[in-house]
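Below is one structure, written out as structure tokens; comments come after it.
The values are calculated or read from the model by the stated rules, or taken from the named source; none is laboratory data. Please read all numbers here as calculations on a predicted model, not as lab measurements. In this analysis, Cβ positions are derived from the backbone assuming ideal geometry, glycine residues included, and neighbour counts consider all displayed protein chains. Surface accessibility is based on the protein's heavy atoms, side chains included, excluding ligands, DNA and RNA. Shrake-Rupley method; radii C 1.70, N 1.55, O 1.52, S 1.80 Å.
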Amino acid sequence: MRRRGGGAGGGGRRGGGDEPEALPPFPTEPPTASMVRFGDAWARSWGMKLHEEEGGVMEPNRAGRWEGVRAWSAASVYGAARRGVEVPPNPYAPSTSYDAKWSTSIDDPTRHGEAQRGLYYTLSEADFKSLFPEGLAGEIEDEWSTVGERRVQIRGAAVELIGKMERFAKGGRKEAQLPPFRLLTGESGAGKSAALNHVVHYARRAGWVVMFLPSCATLMDTGLVLAKSRLRPTMVDQHDLAMDIVTNLLAAHGDQLGSVPQRGTYPQHWFLPPDEDAVVMAKRDELRAADDAERRRLRATAQAEGRAYDKSEFVSQLRAADEDTAVDRSRFTLRDMLEWGVRHP
């Protein structure tokens, strides 16, 4: 699922030019009692919608953040820390909380439905560590550091999409009316990232394999390597970013991928488990050395006979081995495939 909007999690840029944008002032006093209860005093509301291929639009879901926490978070996490300014202690932490009437005790996302829409649930530390090796989308961890609790609001967009995914698992795409492309839209702060985190939490708890990229800015701003693509000559590969994505996918789904056999036809030395990979790579080194020796022999012979070296005389043993695809791939798994990619970037 892709997301669009101005939040930091979606890669939206703040400010412009070389001059940093103005920062909100640091709060100097704790908020009043009426400010500290989420749900009782939302400072503003925004709409969020889920757009689908057929044109269906979900009913907007109300969400918001009160300005004291937002200002402190923006100033400390995004602004001051980036500029090397010392961040004062958070004055809101001792007096902030989630109101019980806006919370649910059902923390399993596979049990969330319309009855829980708009409520907050707790993301357990165990799930946070095991199901989100990539981290989370958006600025929700800033909110948690302020409040001292790991809560996620159950947005209407997430409830709707989770319902479609459940119907898909039971009856397929036609039954679920689940198109291959979904797009969340909404103003900055509407809760797109929170909804995305909730859906990923549900999917991984329900056994789906999810490739999750919390921030598009990662692809735009952090890649250090640009290499000409070996498969698409007009494009480039970003191996360092690809390695991070694959490593996180293995951390979240290694056991599941280890139960799925490989399919398709590949060169015999591709996508092998570590033990067989080591044997095959050693054999390839021997063939490569034999090829080099044969080239030297053919060049020396041509020179001794007073003629030019004819490349067509050389037959590569290594190339012949690479063209051999007669390998039983059912013995190998998708986990082997990804781990091989990490060993041979």
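Some points to look at:
- Scan of region 311-325 for residues that are open to solvent by 90 Å² or more (accessible area, probe 1.4 Å) and within 25 Å of Gly264 (Cα to Cα), ordered by number: Gln317, Arg319, Glu323
- Among the residues of region 108-127, those that are within 24 Å of Ser188 (Cα to Cα) and of a type in the set (A, V, I, L, M, F, W, C) comprise Leu119, Leu123.
- Pairs, first among the acidic types (Asp, Glu) in region 292-312, second open to solvent by 80 Å² or more (accessible area, probe 1.4 Å), C-beta under 9 Å, six or more apart: Glu294/Val315; Glu294/Gln317
- For the condition over 28 Å from Gln238 (Cβ atoms), exposed (fewer than 11 other Cβ atoms within 10 Å of the Cβ) and touching a residue at least 60 places away in the same chain (Cβ under 8 Å), Ser259 qualifies.
- Within region 201-233, the only residue that satisfies the criterion of being exposed (fewer than 11 other Cβ atoms within 10 Å of the Cβ) and within 30 Å of Lys170 (Cα to Cα) is Gly207.
- Test: Leu184 is in a strand (DSSP E or B), touching a residue at least 40 places away in the same chain (Cβ under 8 Å) and either in contact with a helix residue (DSSP H, G or I) (Cβ under 9 Å, 6 or more places away or on another chain) or among the charged types (D, E, K, R) (or both): yes
- If the condition is being closer than 18 Å to Asp99 by Cα, at pLDDT 90 or above and buried (at least 18 other Cβ atoms within 10 Å of the Cβ), then region 120-142 contributes Tyr120, Tyr121, Leu123.
- Candidates in region 290-310 are the residues that are aliphatic (A, V, I, L, M) and exposed (fewer than 12 other Cβ atoms within 10 Å of the Cβ); of these, the one that is farthest from Gln262 (Cα to Cα) is Ala304.
- Residue check, Ala293 in a helix (DSSP H, G or I), modelled with pLDDT of 95 or more and more than 30 Å from Ser229 (Cβ to Cβ): yes
- Restricting the search to helices (runs of 4 or more DSSP H) fully inside region 188-274 and requiring at least 1 residues that are within 26 Å of Gly163 (Cα to Cα) gives 192-205, 239-257.
- Count of residues meeting criterion [assigned to a strand (DSSP E or B) and either open to solvent by 20 Å² or more (accessible area, probe 1.4 Å) or more than 16 Å from Ser193 (Cβ to Cβ) (or both)] in region 143-157: 1
- Considering residues of region 139-158 that are under 17 Å from Ala203 (Cβ atoms) and small (Gly, Ala, Ser) only, the residue farthest from the chain's Cα centre (by Cα): Ala157
- Scan of region 229-243 for residues that are over 22 Å from the mean Cα position of the chain (by Cα) and hydrophobic (A, V, I, L, M, F, W, C), ordered by number: Leu231
- A single entry from Leu161, Leu250 fulfils the requirement of being aliphatic (A, V, I, L, M) and open to solvent by 10 Å² or more (accessible area, probe 1.4 Å): Leu250.
- Residue check, Glu175 within 19 Å of Trp208 (Cβ to Cβ), at pLDDT below 95 and open to solvent by 20 Å² or more (accessible area, probe 1.4 Å): yes
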